Amino acid sequence: MSGKIAFLGLGAMGFGMATNLIKKGFHVTGFDVYAPTLERFTAAGGHASSTPKDTVKDAQYIVFMVATAAQILTALFDDEKGAIHSLGKGAIVILSSTGPPEHVPLVRKLLDEKYSRQDIELVDAPVSGGTIRAANGTLTILAAGPDSAIAAAKPVLDAMAGESLYVIPGGLGAGTNVKMVHQVLAGIHIAMTSEAMGFAAALGLNTKQAFEILRKGRGSSWMFENRTPHMLVEDKTVYSALNIIVKDIGIVTAGGRSANFPLFLSSTTEQVLASGVSAGLGLIDDAALVGVYLPQSSSAILKLASSSATLSPDDPKLLLVEKIMAGVHLAAAAEAMSLGVKVGLEAKKLFEIISTAAGSSAMFVEATMQLLSGVWKERSSVDDVIAELTEAVEEAHKLKYPLHLTGTALQLFELAKLKGLGKEPGIAVSKVWDSVDGPYFPRAQV
């Protein structure tokens, strides 16, 4: 075949991925429903097409990076304009859009049973990493599927991921399951960034100095470091629209319901994100979610960034912010890793992937290493975390400031205390999710 690539979906991530492939020397034909994007793509050296059917003609590799699973089904199987009507024999289809775990197996079933296209190789390959890594070819890609499909797709996967390509065992859907667990953390951390920085503003802190101190502490996360700078400057650029993470966290909570698995922080996050959409923020960068927390003064973070006040790392108010970040991220790590085990993922591999991806945090690394080893280190006990979060919640109550995720995390640690774990290290919160068959992460006998 030609070695040509058809790329469907040239949004913020897709555009960077497709233009990176052009820079790597591939012939890329792109499709998007937004005409100005196609013009930009042509200017960047790509070739534009007006329908999925025409886009995939003569293409060996077909990459889907549209917004939803439903859009993939339409682009592939539309009666008139669907790509299925022009796919060449042995074409290699790479599904990089985030969808529910059952979506990729459904595509395989339709290809085989409705269209008799067993010749088409299909790869489940969701991505993570943001627009910058998309454009420079260093995305985290979670590839799953038959060995033959992975091998056939590898030239394109390598070009998009570099050293960040992970092959996930378990067949079609396994890559999407890993992405789902990753998005538990990504979604919680995005919302927590707004909750924490809004709290810092409500406390009257110099927000720029607060960020510089907090990003180096135990409450930090990849999302905190990535999103907060956008809050500190006057910039309306949309790097990642709120609607994207709303869609992803909806997949997470639906996955939890399907697995009969409680997702406390994820569900709270979904409600916070939904409030942002209801407030008209869906098409705006998700860093603007702080408007949900500061509806009357959404510019407070920006204004306080130029405050003349000097902030000390041991300022009691700043420490309150760090404590809520650390407490929420600790509970989030337990929730995400427990879900991973519940849906059949290998915990060590999951940790390896997430710890270097956008869903990572200081507490995720610290907590998950304890979960995997079974050795729970004495640092802050469950009782200590309860005391820290309670102090923050009571201070926020005085300010009439909402701590949605912090309040949910506090309830989780209270549940752990009710199990008699108050004096145990904070990671004992993981036992809230223990099943009747035993703990997901047994504690080592020492």
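Computed values, structure above
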item: Unique residue being open to solvent by 10 Å² or more (accessible area, probe 1.4 Å), more than 22 Å from PHE199 (Cβ to Cβ) and either in contact (Cβ under 8 Å) with a residue 40 or more places away in the chain or not basic (Lys, Arg) (or both) when the list is MET337, MET369; result: MET369
item: Helices (runs of 4 or more DSSP H) (entirely within region 230-311) containing at least 2 residues that are open to solvent by 30 Å² or more (accessible area, probe 1.4 Å) and either out of contact with any Phe, Trp or Tyr (no Cβ under 9 Å at 6 or more places or on another chain) or in contact (Cβ under 8 Å) with a residue 60 or more places away in the chain (or both); result: 242-258, 264-278, 300-304
item: Residues (touching a Gly at 6+ places or on another chain (Cβ under 8 Å) and either open to solvent by 30 Å² or more (accessible area, probe 1.4 Å) or part of a loop (DSSP other than H, G, I, E, B) (or both)) located in region 372-398; result: ARG379, SER380, ASP383, ASP384, GLU388, VAL393
item: Residue under evaluation TYR401, criteria (1) among the hydroxyl-bearing types (Ser, Thr, Tyr); (2) in a helix (DSSP H, G or I); (3) surrounded by fewer than 19 Cβ atoms within 10 Å (Cβ to Cβ), criterion not met; result: (2)
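The values are calculated or read from the model by the stated rules, or taken from the named source; none is laboratory data. Source: prediction; values computed, not measured. So basically every Cβ, Gly included, is an ideal-geometry build from the backbone, and we count neighbours across all protein chains shown. When the accessible area is computed, the model is the full protein with side chains, heavy atoms only, and any ligands, DNA or RNA have been set aside. Shrake-Rupley method; radii C 1.70, N 1.55, O 1.52, S 1.80 Å.
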